[in-house]
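Throughout, read-outs are computed from the coordinates displayed, never taken from laboratory work. Keep in mind the model is a prediction, meaning the values are calculated, not measured. Glycine also receives a Cβ, built like all others from the backbone with ideal geometry; neighbour counts cover every protein chain displayed.
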Amino acid sequence: MTTKARMVIFSLLSDVQEWFSDNKTNDNRINFAKFIIIECDGDTNKEIDVDELYDKFEETKFFKV
C-alpha cells in the first residue's frame, strides 16, 4: 500500500509532539521523517510504501536500537 510521503512525515512529527518520554523512539521518528524526505528527493507528494521504506531505514546508521 502506498501513501503520500507528506502524510507520513506529518504523522511522525505529530507523534513526537505528543510523546516526549522515550527519546530513542522520538529520535527514530524524526530520523525516519528526514529519511523519507531524502528518499523522495524533497517531493513529499510522492507515493511511498511506508513498510518497505521503514525496512530500508532500519538498515541505516540513523536507526537507533
- prompt: In degrees, nearest 10, range 0 to 90: what is the angle between the Cα axis of helix 23-39 and the longest Cα principal axis of the chain?
  reply: 20 degrees
- prompt: Taking the Cβ of residue 14 as the center, what net charge do the other residues with Cβ under 14 Å away carry, scoring Lys and Arg +1 and Asp and Glu -1?
  reply: 0
task: Evaluate the relative contact order of the chain (contact order divided by residue number), counting alpha-carbon pairs under 8 angstrom at least 6 apart; express in whole percent.
output: 46 percent
- prompt: Using modelled backbone amide H atoms (1.01 Å from N, in-plane), which distant-in-sequence or interchain residues come within less than 5 Å of residue 4's amide H?
  reply: 48
Prolate/oblate/rounded call for the range 3-58, Cα gyration tensor, a/c under 1.5 rounded: prolate
